[in-house]
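Report on one structure; see the data block that follows.
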Amino acid sequence: MKKGYSAAEKPGFDMNDVFLSAASDVAAGVGAQAILLYADLLTDYTPLKILSKELNLILVARGERAYQRAQRYFEKVVRVPQIELTRMGQMKLGVMMGLSAGLVRVGDRIVCLSGIGRFGFLDSIVVLDIGREFEILTSADLTDLSREIRYDVFEAILSLAVELAYQGRAGKMVGALFVLGDHERVLQLSRQMIINPFHGYPEEERNLIDPMLKETLKEFSAIDGAFVIREDGVILSAGRHLDASFEGKDLLQGLGSRHLAAAGITAVTQALAVVVSESTGTVRIFKGGEIILELEKAVHRDRGASS
């Protein structure tokens, strides 16, 4: 009796080719402005070159190695931390970085392709109308994100936050709060809780985008209070108490004091705040007093579990 094959078992079958073809059809059918996909799930970029001639293609690369490889072939590439997220978390983060880089805009419709890194192939397609769907895209302030905050600074702070959420410090989960932008107003509405560990150092030695500073920041994350960071990435202070109160506490039920402080300071300034939850490892970004992005840790129930 002749053995039957499922689609994935047929000789020569390539899951990525199937999903790329489907994404192209979907993008054309819904009038999408762009296709966003995770580059490190592909070993061959040839199909992408064909696709990029027809559609606006944005690649998301996890880690420096994948980023450098993708940049050799394509102009529109955004880099995210080399951390395993849920499929929806990947899409949220990719869109957020695309907004920060000015590659997509509120009002765009995009097709997102993702999959789980350890499986090694694309397996999910989602169509997103930026500005109409899930919490990441509800704030009109995001249209100015690429003008307010430098992309490399935003990338560095988000990478640090996600690494802290996943790796913790000395085997323990840690919480942290980073406030980025509108620094003069933020300093006016806050006070120092401890001696500022960054005081007196040259600015070039306390810039967030310096990779040599990452371990120092992870160590200082154990300090109570917030990091205050200038728009260009210079760290102004750590251990800062934010005095701005948040009136809509009922909107943040179940969240702790860091989240209330982040909501409060972003409600009365133009700053953006990134919070790492000590209890769950969830990373949340606040703007205008609201959560605009929430990234939950991927939890594996077993080796075959999906994320």
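Evaluated against (1) modelled with pLDDT under 85; (2) within 26 Å of residue 40 (Cβ to Cβ); (3) not aliphatic (A, V, I, L, M), residue 148 falls short on exactly one condition, (2). For residue 118, the criteria (1) part of a loop (DSSP other than H, G, I, E, B); (2) over 17 Å from the mean Cα position of the chain (by Cα); (3) under 22 Å from residue 24 (Cβ atoms) hold in every case but one, which is (3).
Filter the range 1-34 down to residues that are farther than 18 Å from residue 56 by Cβ and among the aromatic types (Phe, Trp, Tyr) and give me whichever is modelled with the lowest pLDDT. Before you say what the answer is, go through the steps one by one.
Let us first name the residues in the range 1-34 that are farther than 18 Å from residue 56 by Cβ, namely 1-18.
With among the aromatic types (Phe, Trp, Tyr) added as a condition, the list becomes 5, 13.
Numbers: 5: 30, 13: 48.
If we take residues in the range 1-34 being farther than 18 Å from residue 56 by Cβ and among the aromatic types (Phe, Trp, Tyr), then 5 is modelled with the lowest pLDDT.
Would it be correct to say that residue 179 is β-branched (Val, Ile, Thr), in contact with a helix residue (DSSP H, G or I) (Cβ under 6 Å, 6 or more places away or on another chain), surrounded by 15 or more Cβ atoms within 10 Å (Cβ to Cβ) and in contact (Cβ under 8 Å) with a residue 60 or more places away in the chain? In short, yes. Being farther than 17 Å from residue 155 by Cα and surrounded by 22 or more Cβ atoms within 10 Å (Cβ to Cβ) is a property that does not hold for residue 22. In the range 89-105, the count of residues that are in the same structural domain as residue 23 (by TED's automatic domain parsing), modelled with pLDDT under 80 and surrounded by fewer than 20 Cβ atoms within 10 Å (Cβ to Cβ) is zero. A search for C-beta distances below 7 Å between a residue of the range 23-34 that is within 13 Å of residue 113 (Cα to Cα) and any residue that is part of a loop (DSSP other than H, G, I, E, B) and acidic (Asp, Glu), counting only pairs 6+ apart in sequence or on different chains, returns 34/108. The residue pairs whose first member lies in the range 69-84 and is free of Cβ contacts under 8 Å to residues at least 12 places away in the same chain, whose second member is of a type outside the set (Val, Ile, Thr) and outside any strand (DSSP E or B), and whose beta carbons are closer than 6 Å, counting only pairs six or more residues apart or on different chains, do not exist in this structure.
Considering only strands (runs of 3 or more DSSP E) fully contained in the range 141-246, which possess at least 2 residues that are polar (S, T, N, Q)?
Numbers: elements: 176-180, 190-192, 226-229, 235-242.
Ranges flagged: 190-192.
The values are calculated or read from the model by the stated rules, or taken from the named source; none is laboratory data. Treat the numbers as computed from the prediction; the structure is a model and nothing was measured. With ideal geometry, Cβ positions are generated from the backbone for all residues, glycine too; neighbour counts draw on all protein chains shown.
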